[in-house]
1. Does Ser191 count as in a helix (DSSP H, G or I), surrounded by fewer than 22 Cβ atoms within 10 Å (Cβ to Cβ) and at pLDDT below 85?
2. Give me the residue from segment 216-255 that is touching a residue at least 24 places away in the same chain (Cβ under 8 Å) and farther than 30 Å from Arg498 by Cβ and, out of that set, farthest from the chain's Cα centre (by Cα).
3. Within segment 470-484, track down each residue that is surrounded by 15 or more Cβ atoms within 10 Å (Cβ to Cβ) and either without any contact (Cβ under 8 Å) to a residue 60 or more places away in the chain or out of contact with any helix residue (DSSP H, G or I) (no Cβ under 7 Å at 6 or more places or on another chain) (or both).
4. Restricting attention to segment 347-370, and to residues there that are in contact with a helix residue (DSSP H, G or I) (Cβ under 8 Å, 6 or more places away or on another chain) and in a loop (DSSP other than H, G, I, E, B), which single residue is modelled with the lowest pLDDT?
5. Tell me the residue from Val266, Val276 that is at pLDDT below 90, aliphatic (A, V, I, L, M) and surrounded by 16 or more Cβ atoms within 10 Å (Cβ to Cβ), please.
6. Only one of (1) surrounded by fewer than 17 Cβ atoms within 10 Å (Cβ to Cβ); (2) modelled with pLDDT under 85 is not met by Ala58, so which one is it?
7. Across segment 124-147, which residue is surrounded by the fewest Cβ atoms within 10 Å (Cβ to Cβ) among those that are touching a Ser or Thr at 6+ places or on another chain (Cβ under 7 Å) and under 19 Å from Arg110 (Cα atoms)?
8. Determine the pairs where a residue that is within 14 Å of Ser103 (Cα to Cα), located within segment 117-128, has a partner that is among the acidic types (Asp, Glu) and assigned to a loop (DSSP other than H, G, I, E, B) with Cβ atoms under 8 Å apart, the partner being 6 or more residues away or on another chain.
Amino acid sequence: MISDAKFTADTRTDFYDHSLTTRRRYALVGVACSSIFSCSCILAGIVTLAKHGVDGAAVANLVNPEKDTQLYLQGEILSLTLNLIVTLCTESIGFVHGISLRSALASESRLRFNTNLRLLTAARGWYHPNGALLNGISTVLLIISYSSASLVVCFDYQMTQQTYEEGIAIAGLPLLILGIALLLQAMIALSGIWAVKILTWSSSPFDLTVALVHHTQLTPVTFRCMRRVSDLDVGGGPAKPPEIQPSAWHAHPSIRKVIISLWVIVAACAGWAALVMYIWDKNDSTHIFSSNALTLQTWSFLPNSALSNSMAYGMLGVNPEAWILLFVNMAVVQGPLTLGLHCSELIANVIRDERQWRCATGRNGLVTTTNPLKMIFSHPICLVLFVAKPFLHWMFGLSCIISPGLIGGQVTGFLVVMLTAQIWNLCIALFIFACFFTFVALRRPHGPQPAAYGHVQTLANLVDEWSPVMWWGHKEDGFRYCHAGTSDHPLPDVKMDRVYAGSSAGSLVPVS
């Protein structure tokens, strides 16, 4: 391929090496904190099991029944906090795992986009840390992490002839399994960065693109300075600036699958709620758990044991087999939600990459290297997803309460309660979530700047001068074709009535 990029080897190397150590430190500190938390969970779980046995739990406090409302709120806040911590850990581990996946795909000449479906995109090699086997194990471990978090917090009831008290308890076995799941995910992520040469630790598509060009794993293609990512299947060549760009839905093939999967999850949740209502209405035996029909008067955000419409079933006996069955039940029901939220990362990150690229026509230009934490919390879509993950998992915990029944600190059995109003609340929240991400994926950017959505080959074709801060616009007039590209200073707008091809375009290239 012929390159029309204009940079020297020295400038390119200086740009590529900028702040590499800082970004690596951020990533490894996140994994280290996750590992410390996982080891703490393992230690606390072992201590609880050693002291109370498989059917025991550590009781945090005891209160009188008159304070059960306050106790319930404390338990839900603790559960939400635990889900938030699990999200922080899995996000930190996922960042490192995603960095190693990018480098592995690049080494195989299979890297197309800066953002990929991390657990559903595998490198070659069955036993590779980013291969199909360990990716599948990581998927199961991710589901187990959130399922365990939903089982850790439970309530204990202690009765004597004179008193009756309630308390929040921490189940030892789910806490142990949570720690093991997080630790194994961290080990897989760390093995990934040891198994492949990391091109760059930055999550910026521009740091990745220049790293690929620097290592000669990517070569800019000439005559495509006005070609967007959706033009990949077109023959190429000169083109007039378009007034509107394609949406992420049309630019990234995997985004269509993610959006469809989100709506399938919404439909499944609605079907779940309808099924619970049908069974409650047809089976009188479930009325011992809830005698109230679902009405506006009985509808609430938080469950109300006296009014909530629900169905329930019990699992008597406490042994390792019963715990395994409980985890399987939880993972099967919660697994689609976990995977759907994980896949939504693709949409958030692809839109983030495109918004960063479109800053090149703004007043302040495009800053190619950014703080990884700032990239999460400064982009509204990424922030929405970060908040939605623990919140939706917590709402699922409100909808399907799978809790060990404790009396006197000992597990006597398991109770599975499905609350109709809370399932509908979860369905509404998922509907809003799916609507938001569908709108974002279908939204088409305006302006002549070609859309890239983090596609590395497209960015390599569009960026002809690399610098820490870049602007994109009109650069040269030609006899037949003009040239658009990037510079370290602001550039004029492109001319909408002219044809653009690049500075080395020939006169025999067809116009489209």
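1. Values: in a helix (DSSP H, G or I): yes; surrounded by fewer than 22 Cβ atoms within 10 Å (Cβ to Cβ): yes; at pLDDT below 85: no.
Answer is no for this residue.
2. Gln217
3. Answer for segment 470-484, where residues must be surrounded by 15 or more Cβ atoms within 10 Å (Cβ to Cβ) and either without any contact (Cβ under 8 Å) to a residue 60 or more places away in the chain or out of contact with any helix residue (DSSP H, G or I) (no Cβ under 7 Å at 6 or more places or on another chain) (or both): His474, Lys475, Gly478, Tyr481, Cys482, His483, Ala484.
4. Per the criteria, the residue is Thr370.
5. Val276
6. (1)
7. Restricting attention to segment 124-147, the residues satisfying the condition of being touching a Ser or Thr at 6+ places or on another chain (Cβ under 7 Å) are 129-130, 142-143, 145-146.
Retained after the next criterion (residues that are under 19 Å from Arg110 (Cα atoms)): 129-130.
Numbers: Pro129: 24, Asn130: 28.
Top of the filtered list is Pro129.
8. Ala123/Glu108; Arg124/Glu108
The values are calculated or read from the model by the stated rules, or taken from the named source; none is laboratory data. This structure is a prediction, so every number in the text was calculated from the model and none was measured. Every residue, glycine among them, receives a Cβ derived from its backbone with ideal geometry; neighbour counts consider all protein chains shown.
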